[in-house]
Amino acid sequence: MDSAIEVQSCSRCRSDSIVHQPYSGQHLCGKHLSSSIRKRTSKELRIQLELPKDATRLDGTPFRILVAISGGKDSAVLLSMMSEIIGRRRDVELIAVCVDEGINGYRAPSMEFARELAKSLGVRFETMAYEEMGYERMDKVVQMIPSIGQRHTEANGLMPCSYCGVFRRQSLNTMAERLDADVMALGHNLDDMAQSVLMNLQKGEVERSVRLAPHTQSPIEGIVPRIVPLRWVPEQEIHAFAIYSGLPIHHGDCPHARGAMRQQSRALVANLESQTPGARHGLLHSLDQIRDLHRHANPDSKQQVNNCTICGEITSRDICQSCTMRKWLSEDT
Ligand code: SF4
Ligand SMILES: [Zn+2]
Ligand SMILES: [Zn+2]
């Protein structure tokens, strides 16, 4: 093989390829990458969403799908794909929602990209800030983390993303409730999914793996079911497609992301994939099989859940993690 950088042509036409799929051996041009992503997304939507021919609700309003967007590439591709695939249906309504974590230099610009995208697609856009939820802005939370860790052993070693993940989930739940949503779509790609599978399994958390989205077959009581239509599409392909189709996306990274466990898994999954193309697909297939086995082994099992004694949200403990963290933040420092 010569080592010169040479543009490969698409495996399906004569155009230059913009992406290589080592796991399939194919090279794809922008047009064929787009149709391939659209096909995978449509198929997953059909499997995960199971919409009847007329999904209008009993009260005559359309079936309501929240699409969580961040201004980044994954959720931008998700919203544009969903709008293309089901956006014209009169019995379905898409609402784009964006959580404002309160991160200077990062959230404000990315929120504008999110707003612009929703506007260009004619999709309603709603936001929710951490302060409105009774949390602090993430920039402030980050400053408080060391002292919270000193006061509470349970909080020891928690990273910014541990707080932010709980707050975001809760903010999305609240938005879903307020907007009376039937389903929520998240932009997780194949790499995200493979990382989550690996992280949960390495911690021995099978139950947690089983609860990963999509929730089509195993709804979790008390929360709006999540779907993840991009779950089979690798991050690199989503990125290439977002650039190719000129979607408005923000390229910055969150300044608080460093040190998160996900960063380790990201490197690990990337490494696995480069040594064994198809490893990410394998991890996700394994999850699906574990999920099936789990369902068959526990046919009537309802998730054992309590309601938080403070806010009433579903939790496995007496007080949910969101309320616990909110309390830590409210204590004097
Ligand atoms: S990287 Fe972590 S702190 Fe930053 S927005 Fe994401 S979850 Fe929040
Ligand atoms: Zn092509
Ligand atoms: Zn609570």
> Do you know which of the residues in segment 23-44 that are surrounded by 13 or more Cβ atoms within 10 Å (Cβ to Cβ) and within 22 Å of residue 276 (Cβ to Cβ) is nearest to ligand 3 (Cβ to nearest atom)?
Replying inline: 40
> Are there any pairs, at least 6 apart or on different chains, whose C-beta atoms fall under 9 Å, with the first in segment 308-333 and under 13 Å from residue 136 (Cα atoms) and the second among the basic types (Lys, Arg) and at pLDDT 90 or above, and if so, which?
Replying inline: 322/169; 328/151; 329/140; 331/151
>> I need a count of the residues in segment 29-59 that are within 14 Å of ligand 2 (Cβ to nearest atom), hydrophobic (A, V, I, L, M, F, W, C) and free of Cβ contacts under 8 Å to residues at least 40 places away in the same chain.
In response: 1
> Hey, among 149, 134, which residue is at pLDDT below 95 and within 16 Å of ligand 3 (Cβ to nearest atom)?
Replying inline: 134
> Hey, among 246, 312, 278, which residue is small (Gly, Ala, Ser) and surrounded by 14 or more Cβ atoms within 10 Å (Cβ to Cβ)?
Replying inline: 278
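The values are calculated or read from the model by the stated rules, or taken from the named source; none is laboratory data. Small disclaimer: the values here were computed from a predicted structure and weren't measured. In this analysis, Cβ positions are derived from the backbone assuming ideal geometry, glycine residues included, and neighbour counts consider all displayed protein chains.
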